[in-house]
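*Asks:* Below are the structure tokens for one structure; questions will follow.
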Amino acid sequence: MKLLVIDVGGTAIKYALMNDSAEFIEKGTVATPKDTIEHFVEVIGTIYDKYKGQIDGIAMSMPGRIDSDRGYLYTGGALRYNDDKDIVSILKNRCPVNITVENDGKCAALAEVWKGNLMDCDDAVVVILGTGVGGGVIKDKKLHKGKHFIAGEFSFVITDNNLQEGSFSNWWGTQSSASALCMQVAKAKKMKPEDVDGYKVFEYANSGDEEVLNILDDYCYKLAIQLYNLQYIYDPEKIAIGGGISKQDILLEYIQKNIDKLAKTLPFVMVKPKVVRCKFNNDSNLIGALYVYITKYMDGENFFTLTVPH
């Protein structure tokens, strides 16, 4: 079986022709429409037209609060034209095949527990450091979505009680996103924010720039605090860190350093979070979206237990 797998991001739509073993046959990227849902549907339709003679269906990863069973988007994330849309039904009018859709952070979590660095876990958490802080919660090797489909929306965790009306400054997504790290470095270096991305930040860090290393250390300290909170709220076996910056060894080194620092600082620590890197990086959403389709339209309940070792 071959599927068209699509990962919708705020700036780009990644797509791939894949088989049910999660092997990539072909990949591509197009710009994400910013204007209307009609434009969005046509872009997806154009990708579908390229592969419609080869595929059995479409598996999609998208931003937003999503009821994946219904194929309904309560919110579309940055793509506000997708708010309150029965997106699967809408897309089927243009692409008449089976279609599944799931939240991008939840797809990343499924990828890791299916074929990644959480395969040996029953209970785990994935934290994705991107424009915000997304992720997913795995319970008994299955995705825990929550009553309102927001389990794993870590951006909205409030970090302290000094709240100001209308301000996002005390939200985890504001403090621990990759974008926040880039902004801090841009400010310290007196550079324009658009001139500092993750590559630039870690170019400084890996070259031993003391100013940037101090920023990174503070960033990872705040991140480690929230990882401890996750550990005591849910008690996962592992927490996997994803997002583009997770490729950097120095990031994982500084996270672990601050986990250990807090263990010595806090008056009582029962368990330290066990942190690993996500395996699939930029492909995680595609692999997780593929898994959602497989479990719905293939062997369903049995597929996961047959392919994931205990």
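Values in this text are rule-based calculations from the coordinates and carry no lab data. It should be emphasised that the depicted structure is a prediction, and the values quoted were computed from it without experimental measurement. Here Cβ is always computed from backbone atoms with ideal geometry, including for glycine, and neighbour counts include all displayed protein chains.
*Asks:* Under 8 Å for C-alpha pairs, at least 6 residues apart: give me the relative contact order for region 178-310, rounded to a whole percent.
*Replies:* 21
*Asks:* Continuing with this model, one more query. If I stretch the segment between D49 and D160 completely, what's the gain in nm (0.36 nm per residue apart, minus their alpha carbon distance), one decimal?
*Replies:* Net length gain for the segment: 35.0 nm.
*Asks:* A further question follows. For region 117-278, give me the percentage of DSSP beta bridges that are antiparallel, rounded to the nearest 5 percent.
*Replies:* Roughly 55 percent of the DSSP beta bridges within region 117-278 come out antiparallel.
*Asks:* Can you give the net charge of the other residues whose Cβ lies under 11 Å from the Cβ of N103, counting K and R as +1 and D and E as -1?
*Replies:* -1
*Asks:* Under a Cβ-only charge scheme (Lys and Arg +1, Asp and Glu -1), can you give me the dipole magnitude of the chain about the Cα centre, in debye to the nearest 20?
*Replies:* 40
*Asks:* When the helix-only estimate is applied to the chain (DSSP H runs of n ≥ 4, each -39,500 (n - 2.57), divided by the residue count), what is the mean residue ellipticity at 222 nm, nearest 500 deg cm²/dmol?
*Replies:* -12500 deg cm²/dmol, from helical runs alone.
*Asks:* Given the pairs K2/K296; K14/K115; K115/K141; K34/K247; K27/K200; K2/K145, which are separated by over 18 angstrom at their Cα positions?
*Replies:* K14/K115; K34/K247; K27/K200; K2/K145, as the Cα separations exceed 18 Å there.
*Asks:* What does the highest-first list of 14-23, 259-268, 129-138 look like by mean Cβ count within 10 Å?
*Replies:* Result, highest mean first: 129-138, 14-23, 259-268.
*Asks:* Please tell me the relative contact order of region 1-112 in percent, rounded to the nearest whole number, where contacts are Cα pairs under 8 Å and at least six residues apart.
*Replies:* Worked out over region 1-112, it gives 24 percent.
*Asks:* Compute the relative contact order of the chain as a whole-number percentage, counting only Cα pairs closer than 8 Å that sit 6 or more residues apart in sequence.
*Replies:* 19 percent.
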